[in-house]
Amino acid sequence: MDNHSISVLISEDELAKRINELGEKINEDYEGKEVTLICILKGSIFFTCELAKRIHVPVIIDFIQASSYGSGTTSSGTVKIKKDLDESIEGKDVIIIEDIIDSGNTLSKLIPLLEERKPASLEVCTLLDKPERREVEVNVKYNGFNIPDEFVVGYGLDYDQKYRNLPFIGVLHMDEN
Ligand SMILES: O=P(O)(O)OC[C@H]1O[C@H](OP(=O)(O)OP(=O)(O)O)[C@H](O)[C@@H]1O
Ligand code: HPA
């Protein structure tokens, strides 16, 4: 059993304030349109729900699951589609909703796959970005917070499937022994 602790990096209040701002920006940018939010399971569920509540243009929500992380804290580099979208996105204004961009591997594999389906537009909205870890460039239109190179949990993000339910973003500290 590994021993670890968690310290708060981004509080619940800071998250709510920033998600409000992102929602307002999306409302401005998509005025008069309908927007399709693609929630990348599982990590983005909390962020997608909170963001969607702040969007006042018509919203469609669909889900896709692409897994690159195993049970630990490092990316395997390969991305598998475990669950595909239910609906066509042809001609739709689509925003991919991510909880975090780390190496960029997940989105660099998903974006071309979704582009092939001919959406009218395709943008990325991420709650967190860890730019120091980037291996593949990703074009991000909406970014909540840049964070340092630390493994984070909470607000959808897990360590070994745990801590997704924390209402804040915390840094996971592993004990030395
Ligand atoms: O930029 P990358 O290095 O590819 O990392 C980011 C991806 O990794 C995590 O997903 P994960 O595969 O762990 O699945 P989960 O959302 O179900 O936890 C996270 O939710 C992102 O989708
Ligand atoms: O820092 C992280 N925490 C949890 N899941 C992740 N997937 C990529 N980076 C992270």
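No value in this document is a laboratory result; all are computed from the given coordinates. Since the model is a prediction, treat every value here as computed from it, not as a measurement. When we count neighbours, we look across all protein chains shown, and the Cβ atoms used for this are built from the backbone with ideal geometry, even at glycine.
Starting from the Cα of Asn3, step 7 Å toward the Cβ, then list every residue of the range 136-177 with an amide N under 14 Å from that point. Output list for this probe position: 173-177. The 3J(HN,Hα) values that the Karplus relation (6.51, -1.76, 1.60; θ = phi - 60°) gives for the range 155-161 are, in residue order, 6, x, 7, 10, 10, 6, 6 Hz. Gly and Pro appear as x.
Under 5 Å from the amide H of Leu41 lie the amide H atoms of Ile64, Gln65, Ala66, each residue being 5 or more positions distant or on a separate chain, with H modelled from the backbone and absent for Pro and chain starts. Taking the Cβ of Asp149 as the center, what net charge do the other residues with Cβ under 15 Å away carry, scoring Lys and Arg +1 and Asp and Glu -1? In short, -2.
Computed over the range 12-149, relative contact order equals 22 percent, with contacts defined as Cα pairs under 8 Å that lie 6+ residues apart.
A cut-off of 5 Å between modelled amide H atoms, ignoring neighbours fewer than 5 places along the same chain, links Thr36 with Ile60, Asp93, Val94, Ile95.
Going by neighbour counts of Cβ atoms within 10 Å, the residues Glu31, Glu150 line up, fewest first, as Glu31, Glu150. Checking the cross-link pairs Lys92/Lys130; Lys25/Lys80; Lys53/Lys141; Lys42/Lys92; Lys25/Lys130; Lys25/Lys83 against a 26 Å limit on the alpha carbon distance flags Lys92/Lys130; Lys25/Lys80; Lys25/Lys83 as lying beyond it. Within the chain, the proportion of Cα pairs with more than 20 Å between them is 51 percent.
Shown for Asp102, Asp160: other C-beta atoms within 10 Å of each C-beta, ranked fewest to most, produce the order Asp160, Asp102.
Amide H contacts under 5 Å for Leu127: Glu98, Asp99, Ile100, Gly144, restricted to partners 5 or more places along the chain or on a different chain, H placed in the peptide plane at 1.01 Å from N.
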